Amino acid sequence: MKNIGRIVLPIIILLLTVRINAVPVKAFDMIVRNLPNSEQLPTKELLCIFQDSEGYMWYGTEGGGLCRDDGYMVKVFRSDFKNPGVLENNSVTCITEDGEGKIWFGTKRGVYILSKTDYEIRALADETIKGWTITTMTATSDGTIWISTNRHLFRYNASGERTGKYILKWKGQENTVNSIYEDKKKKVWVTQAKGGLFCYDKVKDSFISYPWPYDEYPTSMTEDHNTPYYWVTTWGKGMVRFDPKAQGVDKMFRLQTVDNAYSDSDTRKLHHIIQDSVKGYLWVTAADNLYAYKITADASLDKVDLSCLLSADRKILTKILSDQSGNLWVTGYYPSSFIISFLPNEVLPLSMEGVKQNLGVIASPMQFSQEKNYYWIRQKKLGLYAYDPQRERMSVVKNDRELSFFFERPSDREGIYMVRDHSVILIRYKEDRLFESIVCTIPIKQGERIRALHDDRRGNLWIGTTYHLFRYSLEDGRLTTVCDDVGFINAIVSSNEGVVYFATESRGLWRISGESRLQIKDT
């Protein structure tokens, strides 16, 4: 598989959303969905994610081993009663790929290398780190694999031979490297837990420290796609803009105040950062949630409002990855890991902020239709309402047990057909009020109810029930029983030629042409 498109199927939807606490940037043109084949994963708790050169997705799980997703199925590599001794520990903390296409992955007890030709797994032949917890690892463009563990940073070649060992000190203390990053100029940068920021000098084969000015330590970094700056996340200080060429600490490191306005310190405790390839937003996983930032013309940050995309509930997230198609993959413990995709430019949002203001909940229609400058919306638990977004007006038919969850648009008049009890009613919207009138009442048996409506645009309203199919003439008011022995009717449609089709729950699909009926498919 060469394209992640096999995993991420294109989705085109109309995004109904609410604008809350208006800010300069709003995430109206994105959607969230679950990971493909997530039900095949051995656990929902993911520590890391990686996309290899062929487009396959690899997941590192908490206790469930290493997983590979090819878009159709998930293959799991771990030690269990069927495959004992494969790994000393099934918690996978980091994943990378060397120049020969082999998958390297770190666990809470050592490093392993997987060959994609035969899927054989072998432990890295370095006894020093065999039992250590691996913090992070990255393969760089020169073929080097960098591995951080136990306050040491090691360098290996693709054959698994160690070619370097580094102990990075900050203010005299040895600290663990928590992220490794290679920029566009092939410079290798590392950040240090409870420490500072360093850059690798190939000539001196050593790491050069930069004058990190904050007590809160850096956690990850990324190079800006469009400016000469880098963006650094911190554990407690929020976001920092970094200019390595600047003279003076104040100019080299510029703290961004976008997050410091929030009293909750967890908003400023950031784990991981990437920049997406579609909008150029910065995305960070924090101690409490996922956040996005737009880079302004003066290279400062504006927060992107994700309230229409993600709940404000506290989340436990780990990593975020931008795949080859620009989708964002976010992993973590809670909620389940998810994907953020960007909608095409021609898909425009429909703002429904008035629904939140009037009903106290976001718009979540079970059925939706536009008429003139207003919309008919059937919302679960809240009944039916007509909503005029231009004037922020809405009228509600309160929910009751007899009101149907579906409606049908008439072909020759305004309003909608709905069902209340065993009657078809017409509901119209005029001058901010709703008006009801009975169209027809169906003679039904005990336990029978109306399940489907269809206007065939030929003067007939078709009514499907638990036991019957009726045809009601809108011209003369005559009600005809068409079928009384086909079972539960779930849906009715018609063709331009006047042929009517209806689907039943127990006896398949049927066709009616004139006065004859024909069973098309028996379930």
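What pairs come out if I take residues in segment 87-101 that are over 11 Å from LEU114 (Cβ atoms) and pair them with residues that are among the basic types (Lys, Arg) whose C-beta lies under 7 Å away, six or more apart or interchain?
GLU88/ARG109; ASN89/LYS108; ASN89/ARG109; ASN90/ARG78; SER91/LYS108; THR93/LYS108
Consider ASN178 carefully, then state whether it is within 21 Å of GLN275 (Cβ to Cβ), assigned by TED's automatic domain parsing to the domain that holds LEU301 and buried (at least 16 other Cβ atoms within 10 Å of the Cβ). Let's see the steps before the verdict.
Values: within 21 Å of GLN275 (Cβ to Cβ): yes; assigned by TED's automatic domain parsing to the domain that holds LEU301: yes; buried (at least 16 other Cβ atoms within 10 Å of the Cβ): yes.
For ASN178, the condition - within 21 Å of GLN275 (Cβ to Cβ), assigned by TED's automatic domain parsing to the domain that holds LEU301 and buried (at least 16 other Cβ atoms within 10 Å of the Cβ) - is met.
Scan segment 42-73 for residues that are touching a Ser or Thr at 6+ places or on another chain (Cβ under 7 Å), free of Cβ contacts under 8 Å to residues at least 40 places away in the same chain, not small (Gly, Ala, Ser) and not in a strand (DSSP E or B) and jot them down.
PRO42, THR43
Pick out, from segment 405-483, the strands (runs of 3 or more DSSP E) lying fully within it that include 3 or more residues that are of a type in the set (Val, Ile, Thr).
Values: elements: 416-420, 423-430, 433-441, 450-455, 460-465, 469-473, 479-483.
Output list reads 423-430, 433-441, 479-483.
Restrict the check to segment 415-429 and report whether at least one residue is exposed (fewer than 13 other Cβ atoms within 10 Å of the Cβ) and touching an Asp or Glu at 6+ places or on another chain (Cβ under 9 Å). Lay out the reasoning, then the answer.
Looking only at segment 415-429, we keep the residues that are exposed (fewer than 13 other Cβ atoms within 10 Å of the Cβ), and these are none.
For segment 415-429, residues exposed (fewer than 13 other Cβ atoms within 10 Å of the Cβ) and touching an Asp or Glu at 6+ places or on another chain (Cβ under 9 Å): absent.
Taking segment 469-487, which residues are modelled with pLDDT of 90 or more and either at positive phi or within 47 Å of the chain's Cα centre (by Cα) (or both)? Explain how you work it out, then say what you get.
Of the residues in segment 469-487, the ones modelled with pLDDT of 90 or more are 469-482.
LEU469, PHE470, ARG471, TYR472, LEU474, GLY477, VAL482 - these are the residues of segment 469-487 that are modelled with pLDDT of 90 or more and either at positive phi or within 47 Å of the chain's Cα centre (by Cα) (or both).
Pick from VAL86, VAL76: which is surrounded by fewer than 22 Cβ atoms within 10 Å (Cβ to Cβ), assigned to a strand (DSSP E or B) and in contact with a strand residue (DSSP E or B) (Cβ under 8 Å, 6 or more places away or on another chain)?
VAL76
May I ask you to list pairs of residues, at least six apart or on different chains, whose Cβ atoms are under 6 Å apart, with the first in segment 197-217 being under 11 Å from LYS187 (Cβ atoms) and assigned by TED's automatic domain parsing to the domain that holds GLY248 and the second being surrounded by fewer than 16 Cβ atoms within 10 Å (Cβ to Cβ) and β-branched (Val, Ile, Thr)?
CYS199/ILE208; ASP201/ILE208
I'm checking my understanding of the structure. Among residues of segment 390-404 that are charged (D, E, K, R) and assigned to a loop (DSSP other than H, G, I, E, B), which one is surrounded by the most Cβ atoms within 10 Å (Cβ to Cβ)? First the steps, then the outcome.
Keep residues of segment 390-404 that are charged (D, E, K, R), which gives 391-393, 398, 400-402.
Okay, now just the ones that are also assigned to a loop (DSSP other than H, G, I, E, B), so 391-392, 398, 400-402.
Details: ARG391: 11, GLU392: 13, LYS398: 9, ASP400: 9, ARG401: 6, GLU402: 11.
Across segment 390-404, the extreme among qualifying residues is GLU392.
Within segment 446-501, restricting attention to residues that are in contact with a His (Cβ under 7 Å, 6 or more places away or on another chain) and polar (S, T, N, Q), which residue is nearest to ILE512 (Cα to Cα)?
SER494
Got at least one residue in segment 195-202 being surrounded by fewer than 13 Cβ atoms within 10 Å (Cβ to Cβ) and not aromatic (Phe, Trp, Tyr)? Full working, then the answer.
Here is the first cut: in segment 195-202, the ones surrounded by fewer than 13 Cβ atoms within 10 Å (Cβ to Cβ) are 201-202.
Pick out the ones that are also not aromatic (Phe, Trp, Tyr) and you get 201-202.
Yes, segment 195-202 contains at least one residue that is surrounded by fewer than 13 Cβ atoms within 10 Å (Cβ to Cβ) and not aromatic (Phe, Trp, Tyr).
Can you find a residue that is touching a strand residue (DSSP E or B) at 6+ places or on another chain (Cβ under 6 Å), at pLDDT 95 or above, crowded, with 21+ Cβ neighbours inside 10 Å and more than 21 Å from GLU54 (Cα to Cα) anywhere in segment 114-122?
Looking through segment 114-122, none of the residues is touching a strand residue (DSSP E or B) at 6+ places or on another chain (Cβ under 6 Å), at pLDDT 95 or above, crowded, with 21+ Cβ neighbours inside 10 Å and more than 21 Å from GLU54 (Cα to Cα).
When you scan segment 196-310 for strands (runs of 3 or more DSSP E) that lie fully inside it, which ones turn up with 1 or more residues that are over 18 Å from VAL330 (Cβ atoms) and small (Gly, Ala, Ser)? Walk me through how you get there before you give the answer.
Working: elements: 197-201, 206-210, 218-223, 230-234, 239-242, 253-255, 270-275, 282-286, 290-295, 301-305.
Result: 206-210.
Touching a residue at least 12 places away in the same chain (Cβ under 8 Å) and surrounded by 20 or more Cβ atoms within 10 Å (Cβ to Cβ): does that describe THR233?
Working: touching a residue at least 12 places away in the same chain (Cβ under 8 Å): yes; surrounded by 20 or more Cβ atoms within 10 Å (Cβ to Cβ): yes.
Taking the combined requirement at face value, the residue satisfies it.
ASP98: in the same structural domain as GLU174 (by TED's automatic domain parsing), of a type in the set (D, E, K, R), touching a Gly at 6+ places or on another chain (Cβ under 8 Å) and over 23 Å from GLU45 (Cβ atoms), yes or no? Show your work before the answer.
On the way: in the same structural domain as GLU174 (by TED's automatic domain parsing): yes; of a type in the set (D, E, K, R): yes; touching a Gly at 6+ places or on another chain (Cβ under 8 Å): yes; over 23 Å from GLU45 (Cβ atoms): yes.
Yes: the conditions hold for ASP98.
Which residues, counting only those in segment 488-503, are assigned to a loop (DSSP other than H, G, I, E, B) and more than 37 Å from the chain's Cα centre (by Cα)?
Going residue by residue through segment 488-503, those that are assigned to a loop (DSSP other than H, G, I, E, B) are 488, 495-499.
SER495, ASN496, GLU497, GLY498, VAL499 - these are the residues of segment 488-503 that are assigned to a loop (DSSP other than H, G, I, E, B) and more than 37 Å from the chain's Cα centre (by Cα).
Kindly indicate the residue of segment 91-104 that is in a loop (DSSP other than H, G, I, E, B) and over 26 Å from the mean Cα position of the chain (by Cα) and also nearest to HIS272 (Cα to Cα) among those meeting that condition.
ASP98
Taking segment 451-465 on its own, how many of its residues are in contact with a Gly (Cβ under 7 Å, 6 or more places away or on another chain) and either within 21 Å of GLU402 (Cα to Cα) or modelled with pLDDT of 95 or more (or both)?
Number satisfying all stated conditions: 2.
Given the criteria at pLDDT 95 or above, more than 16 Å from ASN178 (Cα to Cα) and surrounded by 20 or more Cβ atoms within 10 Å (Cβ to Cβ), does VAL240 qualify? Don't jump to the end; show me each part of the working.
Numbers: at pLDDT 95 or above: yes; more than 16 Å from ASN178 (Cα to Cα): yes; surrounded by 20 or more Cβ atoms within 10 Å (Cβ to Cβ): yes.
Yes, satisfied.
If you go through segment 210-237 one residue at a time, how many are among the β-branched types (Val, Ile, Thr), more than 12 Å from LEU197 (Cβ to Cβ) and at pLDDT 95 or above? Steps first, please.
Start the filter on segment 210-237 by keeping residues that are among the β-branched types (Val, Ile, Thr), which leaves 219, 222, 227, 232-234.
Pick out the ones that are also more than 12 Å from LEU197 (Cβ to Cβ) and you get 222, 227.
Checking which are at pLDDT 95 or above leaves us with 222.
Qualifying residue count, segment 210-237: 1.
Regarding GLY106, is this residue touching a Phe, Trp or Tyr at 6+ places or on another chain (Cβ under 7 Å) and crowded, with 19+ Cβ neighbours inside 10 Å?
Details: touching a Phe, Trp or Tyr at 6+ places or on another chain (Cβ under 7 Å): no; crowded, with 19+ Cβ neighbours inside 10 Å: yes.
The answer is no for GLY106.
The values are calculated or read from the model by the stated rules, or taken from the named source; none is laboratory data. These numbers come from a predicted model, not from an experiment. Because the Cβ atoms are built from the backbone with ideal geometry, glycine has one as well, and the counts that use them run over all protein chains shown.
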